[in-house]
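*Asks:* Quick one: this structure, given as structure tokens, is what I'll be asking you about.
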Amino acid sequence: MKPLTAAQPSFKTKYYHKRIGHLLRIERGRPPGNREAPEVVLLDAEPGVTPSSKPPVRIFLGTETAQHRAERIFVWSILQVRDPARRYEIHLMKHLKGFDRSKWKTGFTAYRYAIPELAGSQGRAIYNDVDQIYLVDPAELFDMDMQGCGQLCITEKETAVMLLDCEKMAKIWHRADAERGERHKFFRHRVQAIEGMWGQLPGVWNSRDHEYEPGVSKLLHYTTLQTQPWQPFPKELRYKDNANGEIWFEMERAADAAGFTLFTEENPSRGYTKLVEMYRTMHEEGSPDVGRPPEKTFSGKSLTEHVDPIAELIRASGAKSLLDYGSGKAKLYSPYPGEAPDARFKSMAAWGETRVTCYDPGYEPFSGPIEPKYDGVICTDVLEHITEEDIPWVLDKLFAHATSFVYAVAACYPAKKFLPDGQNAHCTVQPPEWWREQLEGASRRHPGIKWQLCAQLKGKLGKSDRVFRG
């Protein structure tokens with residue numbers, strides 16, 4: 001075997017890079033997608049800057065749930081080099097409906113071939129895999145002279161970074177073909193069949209691992225799965241260090257220090273806004289699909305099993321004030337002494353004199369403003385009901401309001417009830433490790449706050465909890 005050189009790179013993942021447990025397990029494919037369209041991260045012209053008259057820089061990002069750290073730093077990298085006058089639209093292609101993903105290498109492999117249709121068969125679009133960071137403004141790529149081609153990439157086979165003319169490509173790449181599982185070769189032959197349809201992109205726009213040259217490369221692509229610095233699949237791969245890993249970690253530290261999240265309370269995802277409206281409806285009308293009247297829908301009684309661990313945190317910290325974020329109707333509480341029975345201020349015998357403020361954006365009586373700080377913040381029967389993209393800013397909100405501790409619960413299984421639009425009420429069902437990473441991320445952005453996570457599992461033998469502390 002010849003030694004690796006810069007001229008002979010190898011980016012393959014072999015069987016010996018995988019963990020034994022992953023090699024032995026039976027593949028079960030991927031669950032069907034549940035999203036009609038990608039969520040979009042919008043970067044408008046910065047405040048005080050006259051907006052550019054140039055078209056928005058449209059980027060379609062192939063991503064998946066396990067790549068949440070890479071997804072965030074991809075967008076952060078653009079923020080560092082963007083034209084402050086230009087608008088950028090970053091479409092997160094994840095969990096899209098209708099695609100047979102059973103044989104895909106990643107959770108987003110063939111979404112790229114649906115871009116012409118997703119873009120309305122008009123204008124230009126950049127495609128990026130999620131394991132990349134921009135080192136210069138992607139507008140430079142977006143505005144490139146395509147010399148009449150419909151597709152630009154560094155080789156005809158390497159499509160992890162592409163510039164597309166969507167009007168031209170819509171004639172040969174059809175979403176239906178991608179949905180039924182056609183492979184890369186099928187779409188590549190469609191391009192090759194038309195002279196002049198493909199053009200070569202300079203290699204600096206897709207510098208893969210050890211192809212990276214400081215000051216020369218315009219995009220760094222961590223394409224070798226077993227050396228991706230953020231290690232998204234620890235149960236599947238045996239990870240090794242990446243020679244350029246510190247570039248990525250430096251970006252993550254800067255994003256943490258800035259408190260950056262893709263979406264915010266002021267600008268949540270479209271899915272979150274839709275969810276809040278549905279929860280308001282359910283609070284008022286109940287859950288008829290499971291025969292539950294309004295007064296028993298999101299009643300807050302699931303707090304019962306968490307009273308004791310919260311009491312321990314209160315005793316250890318001496319907390320006198322708590323915020324119950326997403327309290328529902330708070331039926332388990334008693335009125336706080338001196339407060340009206342329907343007031344949002346409550347008490348719990350096991351928590352002594354600690355005053356609890358109830359807050360729930362989907363329940364009108366408890367949706368009002370809250371104080372800047374509380375000794376502790378608790379959040380039970382809430383997080384799994386929130387859209388995946390909005391979990392980071394919601395957790396940031398919990399940590400920002402706490403001076404001592406955050407206690408969070410996440411159910412890792414589907415709910416019995418469904419939302420008015422037909423989707424399961426637990427819209428974010430992820431394993432305990434994913435939730436732990438989310439809490440760790442929030443903790444990095446808000447150092448000094450103690451936290452405890454109870455991840456709840458449900459199997460054939462009943463429920464079980466996994467508890468993480470930080």
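*Asks:* Please go through the stretch 18-49 and pick out each residue that is under 22 Å from residue 180 (Cα atoms) and either modelled with pLDDT of 65 or more or of a type in the set (S, T, N, Q) (or both).
*Replies:* Hits for the stretch 18-49 are 29, 30, 31, 32, 33, 34, 35, 36, 37, 38.
*Asks:* Regarding residue 311, is this residue in contact with a Phe, Trp or Tyr (Cβ under 7 Å, 6 or more places away or on another chain), over 26 Å from residue 425 (Cβ atoms) and not charged (D, E, K, R)?
*Replies:* Against the criterion (in contact with a Phe, Trp or Tyr (Cβ under 7 Å, 6 or more places away or on another chain), over 26 Å from residue 425 (Cβ atoms) and not charged (D, E, K, R)), residue 311 qualifies.
*Asks:* With the requirement that a residue be free of Cβ contacts under 8 Å to residues at least 12 places away in the same chain and in contact with a Ser or Thr (Cβ under 9 Å, 6 or more places away or on another chain), what does the stretch 394-441 give you?
*Replies:* none
Rundown of residues vs (1) assigned to a helix (DSSP H, G or I); (2) assigned by TED's automatic domain parsing to the domain that holds residue 396; (3) at pLDDT below 90; (4) closer than 30 Å to residue 40 by Cβ, yes/no style:
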site	(1), (2), (3), (4)
265	no, no, no, yes
295	yes, yes, yes, no
298	no, yes, yes, yes
307	yes, yes, no, no
330	no, yes, no, no
337	no, yes, no, no
340	no, yes, no, no
346	no, yes, no, no
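*Asks:* While we're here: Name the one entry in 94, 54 that is touching a residue at least 12 places away in the same chain (Cβ under 8 Å), surrounded by 23 or more Cβ atoms within 10 Å (Cβ to Cβ) and among the basic types (Lys, Arg).
*Replies:* 94
*Asks:* How many residues does the stretch 337-359 hold that are under 30 Å from the mean Cα position of the chain (by Cα) and either under 15 Å from residue 320 (Cβ atoms) or touching a residue at least 60 places away in the same chain (Cβ under 8 Å) (or both)?
*Replies:* Within the stretch 337-359, residues that are under 30 Å from the mean Cα position of the chain (by Cα) and either under 15 Å from residue 320 (Cβ atoms) or touching a residue at least 60 places away in the same chain (Cβ under 8 Å) (or both) number 1.
*Asks:* Determine which single condition residue 203 fails, assuming it passes every other condition in (1) over 15 Å from residue 114 (Cα atoms); (2) in contact with a Ser or Thr (Cβ under 7 Å, 6 or more places away or on another chain).
*Replies:* (2)
*Asks:* May I pose another question? Out of all the residues in the stretch 216-243, which are outside any loop (DSSP other than H, G, I, E, B) and within 26 Å of residue 126 (Cβ to Cβ)?
*Replies:* Answer for the stretch 216-243, where residues must be outside any loop (DSSP other than H, G, I, E, B) and within 26 Å of residue 126 (Cβ to Cβ): 219, 220, 221, 225, 227.
*Asks:* Any residue that is surrounded by fewer than 18 Cβ atoms within 10 Å (Cβ to Cβ) and either within 14 Å of the chain's Cα centre (by Cα) or among the charged types (D, E, K, R) (or both) - is there at least one of those in the stretch 405-416?
*Replies:* Yes; the residues of the stretch 405-416 include at least one that is surrounded by fewer than 18 Cβ atoms within 10 Å (Cβ to Cβ) and either within 14 Å of the chain's Cα centre (by Cα) or among the charged types (D, E, K, R) (or both).
*Asks:* Taking residue 152 as meeting all but one of (1) within 22 Å of the chain's Cα centre (by Cα); (2) part of a strand (DSSP E or B), write down the number of the exception.
*Replies:* All conditions are met except number (1).
*Asks:* Every residue in the stretch 61-113 that is among the charged types (D, E, K, R) and part of a strand (DSSP E or B), please.
*Replies:* Within the stretch 61-113, 89 is the sole residue that qualifies.
*Asks:* Can you list residue pairs whose Cβ atoms sit under 6 Å apart, with the first residue in the stretch 316-336 being at negative phi and hydrophobic (A, V, I, L, M, F, W, C) and the second being modelled with pLDDT under 95 and surrounded by 20 or more Cβ atoms within 10 Å (Cβ to Cβ)? Count only pairs 6 or more apart in sequence or on different chains.
*Replies:* Listed by first residue and then by second, the contacts come to 332/300; 332/303.
*Asks:* Test of understanding: among 250, 246, which residue is without any contact (Cβ under 8 Å) to a residue 40 or more places away in the chain, under 21 Å from residue 439 (Cα atoms) and in a helix (DSSP H, G or I)?
*Replies:* The match here is 250.
The values are calculated or read from the model by the stated rules, or taken from the named source; none is laboratory data. On a predicted model such as this, the values are computed, not experimentally measured, just so you know. Note that we place each Cβ from the backbone using ideal geometry, even for glycine, and neighbour counts take in every protein chain shown.
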